[in-house]
Amino acid sequence: MDAAEFRKRGKEMVDYVADYLEKIDKRQVFPDVEPGYLRPLIPDCAPQDPESFEDVFKDIEKIIMPGVTHWHSPYFFAYFPAASSFPALLADMLCGGIGCVGFSWAASPACTELETVMLDWLGKMINLPEEFLAGKDGQGGGVIQGSASEATLISLLAARTKTIRWVQSENPELTEADIMGRLVAYASDQAHSSVERAALIGGVKIKNVSSDDKFTVCGSALKKVLDEDKASGLIPFFFCATLGTTPCCSFDRLLELGPICNKENIWMHIDAAYAGSAFICPEFRHLLNGVEFADSFNFNPHKWLLVNFDCSAMWVKKRSDLIGAFKLEPLYLQHHHQESGLVTDYRHWQIPLGRRFRSLKLWFVLRMYGVSGLQEHIRKHVRLSHQFEHLVLQDERFEICAEVVLGLVCFRLKGSNELNKALLKSINEAKKIHLVPCYLREKFVLRFAVCSRTVESTHVKFAWQHISQLATDLLQTWEHDDHQQ
């Protein structure tokens, strides 16, 4: 394909993507395929000779689309949002076109410098304390990771290195292995599974801290487990606080937890993967109060801020803590500006060496929506979640299972877990809308997350009417079966 054909085919692909997104509500939100559907549809091995773009293009609808779950459908209410917007898509096209691998400043100065400035922009939008910003000569700063999972792992590994060095400075006779065996990380029993996975990769113990009746961790619960572990000779070194938990969007109490972590010399990382985007709205910023005690903080613009995957924003108070854990300097990666103190080499802030020019997406979206446009997007989703909550509360057969703070509603039929599992099965088998469940204190609960950029009140009403009718049908069946017995 030469430049001339690329121009032509590129325009066709833009038209295809625009049509796909514009008419996505006409597609069934969840596919009909069974596992293994795709292999019989394509050859066993790659073609020996080139094929035409037309041949490839026509197979998109024939082979790919039948197996796509349409995350951007206004009938998709599962997981959390996957952000997308036309400015972000255009920026990703430019990112692919430039094709740089921005592991160091010298590898592409614009790639590094735009990222530093965009993370400062974003940090100011959520009113992060000054220490987290790079500015012109700050000690902190931001970086774009691939996911919140990576941000948690990076912070845990940095905390591990920092703690080992500190303990060895106090007790030179202890080996790294001695210390590693005593290290303990902590997180809420509602925290995302990626926190446990980070500890698994980091080779350290992790313990759950019990959450309260609102599914949040308070200071007294953390202090209790810390005191027990220190008495047993263990070394607490890391706590991951969650703002907007995955099961029910609950918020750990930073103002209680932060001072404890600071006093005990424990690294506090805040995972606000979903909820963090809402902090650009002044009415939700109080949920971040206490961030000043944290060592690192992360949220995902690729969830709720109209920046398509992957774009996970992470800030640290002291970037030297991160760089100190990961810095290696082979000759082939060195450049003559690296010791100037004026440049950032982001390879020291992450797991992989290579990185894409992801800050272009932020730059395009922040400029073309403005803070006010992004705030309206968040507020609209929150309004729609409260609309759904209101509909649920009007039906005495159902109950709300957790406080509705942002764009997630946790609800269920009053009754057994088996009844609610049957309801979810009938919802997802009908394929009109898509939901996923969670467990809250042994209760099987349905999650309704407002996700799509294009979702409107009519889609929420349709979803509720659909759920309500399926519940009616299900309850009649269950009552009939009860009578039969």
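Assorted remarks:
So that you can scan it fast, the table gives a plain yes or no per residue for (1) among the β-branched types (V, I, T); (2) modelled with pLDDT of 90 or more; (3) outside the structural domain of L234 (by the TED database):
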| site | (1), (2), (3) |
| --- | --- |
| T163 | yes, yes, no |
| E170 | no, no, no |
| D189 | no, yes, no |
| H192 | no, no, no |
| V195 | yes, no, no |
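- Residue that is farthest from L474 (Cα to Cα), among those in segment 411-452 that are open to solvent by less than 10 Å² (accessible area, probe 1.4 Å) and small (G, A, S): S452
- Positions within segment 177-222 being of a type in the set (D, E, K, R) and over 28 Å from the mean Cα position of the chain (by Cα), in sequence order: D178, R182
- Cβ pairs under 8 Å, 6+ apart, first in segment 170-196 and in a strand (DSSP E or B), second among the basic types (K, R) and modelled with pLDDT of 90 or more: L183/R160; L183/K205; V184/K205; V184/K207; A185/K205; A185/K207; Y186/K207
- Among residues of segment 223-254, those that are open to solvent by 30 Å² or more (accessible area, probe 1.4 Å) and part of a helix (DSSP H, G or I), counted: 6
- The listed residues are M13, M1, and the only one of them that is more than 30 Å from D345 (Cβ to Cβ) and at pLDDT below 90 turns out to be M1.
- Q168 over 26 Å from R367 (Cα atoms) and touching a Phe, Trp or Tyr at 6+ places or on another chain (Cβ under 7 Å): no
- Flag if L114 is crowded, with 16+ Cβ neighbours inside 10 Å and either in contact with a Cys (Cβ under 8 Å, 6 or more places away or on another chain) or under 30 Å from S193 (Cα atoms) (or both): no
- Test: residue in segment 20-35 that is closer than 20 Å to D55 by Cβ and under 27 Å from the mean Cα position of the chain (by Cα): yes
- H390 in a helix (DSSP H, G or I) and open to solvent by less than 70 Å² (accessible area, probe 1.4 Å): no
- Filtering segment 1-59 to residues that are hydroxyl-bearing (S, T, Y) and surrounded by 12 or more Cβ atoms within 10 Å (Cβ to Cβ) leaves Y16, Y20, Y37.
- Once segment 206-221 is narrowed to residues that are part of a loop (DSSP other than H, G, I, E, B) and modelled with pLDDT of 90 or more, the residue that is nearest to L255 (Cα to Cα) is C218.
- Residue in segment 87-95 that is acidic (D, E) and within 26 Å of the chain's Cα centre (by Cα) present: yes
Yes/no matrix, rows are residues, columns are (1) over 29 Å from T246 (Cβ atoms); (2) not in a helix (DSSP H, G or I):
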| residue | (1), (2) |
| --- | --- |
| D44 | yes, yes |
| D59 | yes, no |
| W71 | no, yes |
| G97 | yes, no |
| V117 | yes, no |
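- The single condition among (1) outside any helix (DSSP H, G or I); (2) under 21 Å from the mean Cα position of the chain (by Cα) that E396 does not meet is (2).
- The set of residues in segment 255-265 that are open to solvent by less than 10 Å² (accessible area, probe 1.4 Å) and either modelled with pLDDT under 95 or more than 21 Å from L406 (Cβ to Cβ) (or both) comprises G258, C261.
- Scope segment 121-146; condition modelled with pLDDT of 90 or more and open to solvent by 20 Å² or more (accessible area, probe 1.4 Å); matching residues: W121, K124, M125, N127, P129, E130, E131
- Segment 64-78 - residue that is touching a Cys at 6+ places or on another chain (Cβ under 9 Å) and over 15 Å from K26 (Cβ atoms) and, of those, most open to solvent (accessible area, probe 1.4 Å): W71
- When the residues of segment 96-111 are filtered to those that are small (G, A, S) and open to solvent by 20 Å² or more (accessible area, probe 1.4 Å), the one that is farthest from the chain's Cα centre (by Cα) is A106.
The values are calculated or read from the model by the stated rules, or taken from the named source; none is laboratory data. In this text the structure is predicted, and so the values were computed from the model without any measurement. We place every Cβ from the backbone using ideal geometry, glycine too, and count neighbours over all the protein chains shown. Keep in mind that these areas ignore ligands, DNA and RNA; they rest on the heavy atoms of the full protein, side chains included. Shrake-Rupley method; radii C 1.70, N 1.55, O 1.52, S 1.80 Å.
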